[in-house]
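Below: the structure, in structure tokens.
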Amino acid sequence: MNAAVIKIAASILAADPLNIARDVARAANADYLHVDVMDGRFVPNVTFGPSLVQALRRETDRFLDVHLMVESPENLILSFAEAGADSITVHAELLPRLHRLLQTIQGLNCRAAVALNPGTPVLVAREVLSAVSMVLVMTVNPGYGGQTLIPETLRKVTELAELRESLGLSFDIEVDGGVTLENVHDFAAAGADVIVAGTAVFEAGDPAEAVARLRSSAEAHRRVSR
């Protein structure tokens with residue numbers, strides 16, 4: 001991505017489930033659409049399947065950012081790639097299978113990304129950083145939208161930004177959880193390139209204006225390190 005521009009990813013987890021197409025259209029200026037896939041086992045919630053991504057792909061050419069919070073992502077990667085996902089994220093907590101999963105995603109012409117839960121250190125993902133296009137730092141415990149930021153997770157964002165610079169890598173750093181207009185500048189200052197926002201977008205009176213304000217605040221405080 002252009003390092004001078006922070007991307008806003010609208011999380012459809014916070015959209016009205018009966019009016020997702022309407023809500024997506026109301027946030028038409030969001031750079032990405034973030035799709036959280038939960039299986040009720042890896043995290044305590046059940047959400048979307050490939051059919052939703054397929055429907056979104058029919059309606060938009062925007063970047064579809066699929067985050068698999070599931071115990072067996074190997075059973076779903078192909079379906080989401082065929083449905084039209086642009087990027088597929090799997091969790092570092094699946095460490096024994098992690099590199100193979102990333103290779104599978106790349107082999108399907110999708111961008112491969114790795115996610116870190118709040119309690120997972122950056123060190124766990126270090127050996128695959130050269131193989132990913134993005135690292136997603138969960139800044140709340142995954143499973144539900146509308147949670148409050150865990151402030152300590154911002155240190156991981158900065159650690160990743162510094163590590164990326166020292167290793168000469170170019171992966172994006174994405175953050176997800178607890179983003180509001182009042183704190184989005186903290187995510188940007190820590191080193192985030194892609195900021196996932198759900199309730200801050202879809203529960204606003206004007207989602208497009210909310211996206212624009214989030215982006216403007218983030219840009220004004222972004223960390224410059226590459």
If each of residue 147 and residue 59 carries a label point 7 Å out from its Cα toward its Cβ, how far apart are those two points in nm? 2.7
Dividing the mean separation of Cα pairs under 8 Å (6+ apart) by the residue count of the stretch 7-221 yields a relative contact order in percent of 20
Based on C-alpha coordinates, I'd like the Rg and Dmax of the chain, in Å. 15.9, 46
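Near residue 97, within a Cβ-to-Cβ distance under 15 Å, what is the net charge of the other residues, with Lys and Arg +1 and Asp and Glu -1? Provide the component values of the computation, followed by the final result.
Working: positive: 100; negative: 71, 74, 93, 127.
Here the count lands on -3.
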Quick check: residue separation of residue 22 and residue 130 times 0.36 nm, minus the Cα distance between them. What number comes out in nm? 35.1 nm
Report, for the chain, the % of DSSP beta bridges that are antiparallel, rounded to 5. 5
Go ahead and set up a Gaussian network model of the chain, Cα springs under 10 Å, then flag whichever of 95, 136, 13 fluctuates most. 95
Nearest-0.05 FRET efficiency for residue 219 and residue 79, computed from C-beta distance (R0 41 Å): 0.70
Please give the peptides 163-170, 70-77 ranked by average Cβ packing (other Cβ atoms within 10 Å per residue), highest first, as a rough proxy for protection. 70-77, 163-170
In debye to the nearest 20, the charge dipole size for the chain, taken about the Cα centre with +1 at each Lys and Arg Cβ and -1 at each Asp and Glu Cβ, equals 320
Once fully extended, how much extra length lies between residue 100 and residue 51, figured as 0.36 nm per residue of separation less the alpha-carbon to alpha-carbon distance? 15.2 nm
Which residue fluctuates the most in the chain, going by a Gaussian network model with Cα springs under 10 Å, if the choices are 180, 148, 199? 148
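Taken together, the values in this text are just the output of simple stated rules run on the coordinates, not laboratory data. Worth saying up front: this structure is predicted, and the values here are computed from it rather than measured. Please note: Cβ atoms are built from the backbone with ideal geometry, for glycine as well, and neighbour counts cover all protein chains shown.
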